[in-house]
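A short worksheet on the structure shown next.
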Amino acid sequence: MEHWLPPPAGRRIVNALTVDVDDWPVAVLGPHHDISGRVVDNTRRLLHILAWHQVRATFFVLTRVAERFPDLVRDIHRAGHEIASHGHGHELLTTLSPHGFERDVRRSIDLLTEITGERPLGYRAPAFSIVRETRWAGPILARLGFRYSSSVFPIAHPRYGISDAPRHPHRWSDCDLIECPPATLRLLGRNWPIAGGGYFRLLPGPLARWAISRVNRENLVAVLYVHPYELDVGGIASHREAGVKVPLMRHIHQALFRRRIEPRLNRLLERFSFAPLRELLAAAL
Ligand SMILES: [Zn+2]
């Protein structure tokens with residue numbers, strides 16, 4: 001497998017911060033839920049934090065959100081961030097046919113192009129649902145004009161991941177698409193997720209920072225991900241009050257340590273360098 005863009009020795013590695021712009025009920029409970037206005041406030045808060053640190057990121061926008069709140073996408077774009085696609089309806093690829101997937105992605109491309117005037121170059125599958133059985137998605141994405149994907153988690157997990165997929169950015173073997181996997185730590189013969197979401201929330205902060213440094217010492221770019229709703233400390237309770245049915249254990253697990261995310265993000269943004277994936281991949285695209 002082709003290794004990608006090793007930075008010159010001794011130069012500080014620039015990592016990639018990625019943001020999946022989706023609303024909590026749709027992302028976690030299922031695609032049949034409505035998009036609430038909380039996604040707007042949460043994303044604006046994240047934009048504010050990034051502006052404070054002068055960090056630009058890649059935003060994988062779910063276009064059901066873009067359809068309802070196009071001004072939000074315009075503002076992300078205007079702030080200098082990369083707009084990429086998180087698909088339209090957040091249906092897992094494992095529940096879609098190749099044809100249904102293509103329809104979802106085409107709709108997403110059209111909406112983003114209409115809002116920003118640019119075709120998205122990057123795609124992230126809902127819940128990293130490009131797994132062994134849905135590898136057919138790669139050639140479809142390449143045919144639709146995507147240049148990279150960040151959808152294959154190289155870990156063993158019951159719901160997603162391809163445990164023996166490369167940990168570093170690499171080209172797909174059957175199409176012209178670069179895969180930028182979320183960061184993992186190689187330890188005790190296994191790949192461990194350190195990249196974002198629940199892992200980032202639940203791991204102790206110093207351990208997460210040590211893990212990213214260790215990935216960088218391997219001369220690898222760490223691709224991290226965050227969801228705007230993770231900054232929303234009282235968010236799940238508000239969704240419940242608005243009538244969304246949330247199983248109690250889900251509520252407890254998903255709300256646990258949310259308060260940690262913002263200070264943690266601030267420390268990461270202070271300590272490491274970041275750029276949008278499109279820029280990091282520029283020489284390879
Ligand atoms: Zn998502």
task = Could you give the C-alpha radius of gyration of the range 27-68 expressed as a fraction of 2.2 N^0.38 Å, taking N as the number of residues it contains?
result = 1.34
key: Along each principal axis, Cα extent of the range 14-280, largest first, Å   = 47, 41, 36
query = Using bins 10 angstrom wide from zero, how does P(r) for the range 72-149 break down, in % of all Cα pairs?
reply = 19, 54, 23, 4
message = Compute the orientation-averaged projected area for the range 100-256 from the convex hull of its Cα atoms and round it to one decimal in nm².
response = 11.5 nm²
remark   = Most fluctuating of Leu187, Leu220, Leu265 in the GNM of the chain (C-alpha, under 10 Å) is Leu187
ask   = How much of the accessible area of the range 14-280, in percent, comes from carbon and sulfur atoms when a 1.4 Å probe is used?
value = 53 percent
key: Rg followed by Dmax, in Å, when the range 1-132 is reduced to its Cα trace   = 15.7, 49
task = Let me have the relative contact order for the chain, percent, based on Cα pairs under 8 Å that are six or more residues apart.
result = 24 percent
Within a Gaussian network of the chain (alpha carbon springs, distance under 10 Å), most fluctuating of Glu102, Glu133, Glu67 = Glu133
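The values are calculated or read from the model by the stated rules, or taken from the named source; none is laboratory data. Predicted model, so just to flag it, every value in this text is computed and none were measured. In case anyone asks, the SASA skips ligands and DNA or RNA and just uses the protein heavy atoms, side chains included. Shrake-Rupley method; radii C 1.70, N 1.55, O 1.52, S 1.80 Å.
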